[in-house]
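Peer 1: Provided herewith is a single structure, encoded as structure tokens, for subsequent inquiry.
The values are calculated or read from the model by the stated rules, or taken from the named source; none is laboratory data. None of these values were measured; they are calculated from a predicted model. Counting neighbours? That spans all protein chains shown, and the Cβs are built from the backbone with ideal geometry, glycine included. Note: areas computed on protein heavy atoms with side chains; ligands, DNA, RNA excluded. Shrake-Rupley method; radii C 1.70, N 1.55, O 1.52, S 1.80 Å.
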Amino acid sequence: MTRTVLIIDDNPAVGEALSLALSLHEIHALVAMTPEEGLATLQREAVDVVIQDMNFTADTTSGEEGVALFRAIREQHSDLPVILLTAWTHLETAVGLVKAGAADYLAKPWDDNKLLATVENLLELSESTREVTRSRRERRLRRETLQKKYDLDSLVFASEAMARTLDLACQIARSEVSVLITGPNGTGKERIAAIMHANSAVKRGPFVAVNCGALPGELIEAELFGAEAGAYTGANKAREGRFELADGGTLFLDEIGNLPLPGQMKLLRVLETGQFERLGSGKTRHAKVRVLSATNADLKAMIQAGTFREDLYYRLNVIEVNLPALAERNDDILPLADFFLAGRAELGDAAREALLGYPWPGNVRELKNAIERAALLAGGNAITPELLNLPQHVTTAVRNLDEPSREVVEAALHKVGGVVSRAAQQLGLSRQALYRRMERYGLAPAP
């Protein structure tokens with residue numbers, strides 16, 4: 001792919017010198033003599049980095065023309081890296097623009113090696129920025145496509161992992177097969193089940209959910225299949241079970257691993273025949289129900305232990321939909337946090353970093369609780385990490401003996417004149433991996 005740098009300078013000698021230096025490193029250079037010509041070039045050409053002068057009128061040294069050009073570029077191309085060519089007389093102005101968003105500045109006369117290292121690093125940054133932008137655009141388009149195609153019940157998500165899960169869930173929603181939804185507690189398995197029902201052939205029927213883990217074992221069967229009066233202590237009158245209530249719709253069985261073996265046998269029968277009896281009754285009843293179930297347990301291990309029926313497992317798990325932990329879909333954390341806040345307060349930058357750095361063992365449920373607490377205590381002010389009250393988590397990492405030390409990284413960068421891609425190649429790392437180590441060691445790319 002062609003790498004392109006636009007040089008905006010009214011001195012032809014500067015344009016020629018920079019173009020030659022860049023061409024020797026396979027970098028295509030475009031030259032514009034005036035700010036107007038430079039801005040027009042940006043409109044019609046794909047440019048990765050701009051090198052601009054600070055003055056364009058004879059006998060002018062204030063740098064005001066350069067400031068105006070920089071602001072015009074920033075207005076039209078907010079992420080485009082800009083290198084300012086500056087004389088010492090207006091160095092302070094250039095430094096101010098760097099703080100305002102320019103990539104860097106170089107004093108005239110410049111050092112070719114320093115300039116080329118800066119350009120190389122900014123070209124890599126520009127490429128990475130484009131890749132991130134492209135990835136975000138693709139995720140947004142996929143999200144919008146899913147939202148148009150299916151009823152997602154205003155579910156908030158931004159991650160590719162969640163998009164894949166929803167795509168699969170909605171694709172199989174219209175079939176009659178039984179689906180097992182797996183994933184840790186607090187990830188939103190019931191929400192996925194409700195979305196599957198909303199996109200199913202029985203969406204006009206009832207959606208009935210029962211948490212098998214929230215009921216005593218002796219009452220689960222009565223909850224599912226109903227009971228006649230006197231069938232158990234406290235059963236003063238006959239009651240319908242969840243299968244009867246869900247007839248013509250969807251029954252969602254959460255924490256299916258908590259269903260005792262006698263209940264498992266009855267569940268298997270109703271899945272195979274649609275027939276069941278209430279507790280205390282010999283009358284056979286019928287129900288046509290789409291069954292979705294969920295668990296965070298290892299059902300295969302339970303089968304080996306003899307606490308879960310293998311035939312029921314395969315009946316329930318015709319297709320598995322896995323809901324990843326929140327820590328595995330980092331892109332969802334901040335959108336969910338903003339959704340739970342609902343405009344009651346704003347997340348400060350430090351709070352956002354804390355949210356992204358926390359492992360969320362309690363998943364979306366824990367995130368919601370943390371945000372609710374912080375919103376109540378913030379009193380309309382920005383939310384700080386202290387208000388989130390996240391438990392301290394300790395990450396233990398064993399240092400790889402092959403991990404390059406700070407000294408090794410510094411030496412590699414110095415050897416190649418600060419060009420990150422070449423240093424990464426020498427160290428056997430990707431550019432991104434080297435950037436992470438530079439950040440960890442407090443090393444900045446070549447200025």
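The rows are residues; the columns are (1) among the acidic types (Asp, Glu); (2) surrounded by fewer than 16 Cβ atoms within 10 Å (Cβ to Cβ); (3) modelled with pLDDT under 70; (4) within 18 Å of Met33 (Cβ to Cβ).
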site: Thr89; (1), (2), (3), (4): no, yes, yes, no
site: Ala102; (1), (2), (3), (4): no, no, yes, no
site: Asn113; (1), (2), (3), (4): no, yes, no, no
site: Leu116; (1), (2), (3), (4): no, no, no, no
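Peer 1: I would also like to ask the following. Taking region 180-193 as the region of interest, how many residues are closer than 23 Å to Lys148 by Cβ and buried (at least 17 other Cβ atoms within 10 Å of the Cβ)?
Peer 2: Final tally of qualifying residues: 3.
Peer 1: I'm trying to understand the selection: among the residues of region 368-417, which are part of a helix (DSSP H, G or I), at pLDDT 90 or above and open to solvent by 30 Å² or more (accessible area, probe 1.4 Å)?
Peer 2: Residues satisfying the conditions are Lys368, Asn369, Glu372, Arg373, Leu376, Leu377, Pro385, Glu386, Leu387.
Peer 1: Shifting gears a bit: In region 431-445, is there at least one residue being outside any loop (DSSP other than H, G, I, E, B), more than 27 Å from the chain's Cα centre (by Cα), modelled with pLDDT under 90 and not polar (S, T, N, Q)?
Peer 2: No: region 431-445 contains no residue that is outside any loop (DSSP other than H, G, I, E, B), more than 27 Å from the chain's Cα centre (by Cα), modelled with pLDDT under 90 and not polar (S, T, N, Q).
Peer 1: What number of residues in region 323-338 are out of contact with any Leu (no Cβ under 9 Å at 6 or more places or on another chain) and closer than 29 Å to Gly249 by Cβ?
Peer 2: Residues flagged as out of contact with any Leu (no Cβ under 9 Å at 6 or more places or on another chain) and closer than 29 Å to Gly249 by Cβ within region 323-338 amount to 2.
Peer 1: Another question, if that's okay. Only one residue in Gly257, Gly241, Gly249 is under 19 Å from Leu323 (Cβ atoms), touching a residue at least 24 places away in the same chain (Cβ under 8 Å) and among the small types (Gly, Ala, Ser), so which one is that?
Peer 2: The conditions single out Gly257.
Peer 1: Is it fair to say Asp151 is open to solvent by 60 Å² or more (accessible area, probe 1.4 Å), of a type outside the set (Gly, Ala, Ser) and either in contact with a helix residue (DSSP H, G or I) (Cβ under 6 Å, 6 or more places away or on another chain) or modelled with pLDDT of 95 or more (or both)?
Peer 2: The answer is yes for Asp151.
Peer 1: Among the helices (runs of 4 or more DSSP H) confined wholly to region 260-345, which include 2 or more residues that are under 33 Å from the mean Cα position of the chain (by Cα)?
Peer 2: Qualifying helices (runs of 4 or more DSSP H): 299-305, 310-316, 333-341.
Peer 1: Among the candidates Leu326, Leu245, Leu253, Leu271, which residue alone is at pLDDT 90 or above, in contact with a strand residue (DSSP E or B) (Cβ under 8 Å, 6 or more places away or on another chain) and surrounded by 22 or more Cβ atoms within 10 Å (Cβ to Cβ)?
Peer 2: One residue alone meets the criteria, Leu253.
Peer 1: Condition (residue is closer than 30 Å to Leu168 by Cα, assigned to a helix (DSSP H, G or I), open to solvent by 20 Å² or more (accessible area, probe 1.4 Å) and not aliphatic (A, V, I, L, M)) applied to region 208-221: is it met by at least one residue?
Peer 2: Within region 208-221, none of the residues are closer than 30 Å to Leu168 by Cα, assigned to a helix (DSSP H, G or I), open to solvent by 20 Å² or more (accessible area, probe 1.4 Å) and not aliphatic (A, V, I, L, M).
Peer 1: Sticking with this structure for a sec: Here is a list of conditions, (1) open to solvent by 40 Å² or more (accessible area, probe 1.4 Å); (2) in a helix (DSSP H, G or I); (3) of a type outside the set (Val, Ile, Thr), and Leu146 meets all of them except one; can you say which number that is?
Peer 2: (1)
Peer 1: In addition: Please note which helices (runs of 4 or more DSSP H) are completely contained in region 1-77 and include at least 2 residues that are at pLDDT below 95 and over 24 Å from Gly96 (Cβ atoms).
Peer 2: Here the list reads 12-23, 35-44.
Peer 1: Exactly one condition in (1) open to solvent by less than 30 Å² (accessible area, probe 1.4 Å); (2) closer than 18 Å to Ala169 by Cα is not met by Ile319; state its number.
Peer 2: (1)
Peer 1: Among (1) crowded, with 21+ Cβ neighbours inside 10 Å; (2) out of contact with any Pro (no Cβ under 7 Å at 6 or more places or on another chain); (3) small (Gly, Ala, Ser), which single condition is Ala231 missing?
Peer 2: Exception for Ala231: condition (1).
Peer 1: Are any residues in region 354-367 assigned to a helix (DSSP H, G or I), surrounded by fewer than 16 Cβ atoms within 10 Å (Cβ to Cβ) and in contact (Cβ under 8 Å) with a residue 24 or more places away in the chain, and if so, which ones?
Peer 2: Leu356, Arg365
Peer 1: Using the structure shown, decide if Arg74 is over 22 Å from Thr118 (Cβ atoms) and not aliphatic (A, V, I, L, M).
Peer 2: no
Peer 1: Let me spell it out: the conditions are (1) part of a helix (DSSP H, G or I); (2) of a type outside the set (A, V, I, L, M); (3) more than 20 Å from Pro361 (Cα to Cα), and Glu176 meets all of them except one. Which number is the exception?
Peer 2: Of the numbered conditions (1) part of a helix (DSSP H, G or I); (2) of a type outside the set (A, V, I, L, M); (3) more than 20 Å from Pro361 (Cα to Cα), the odd one out for Glu176 is (1).
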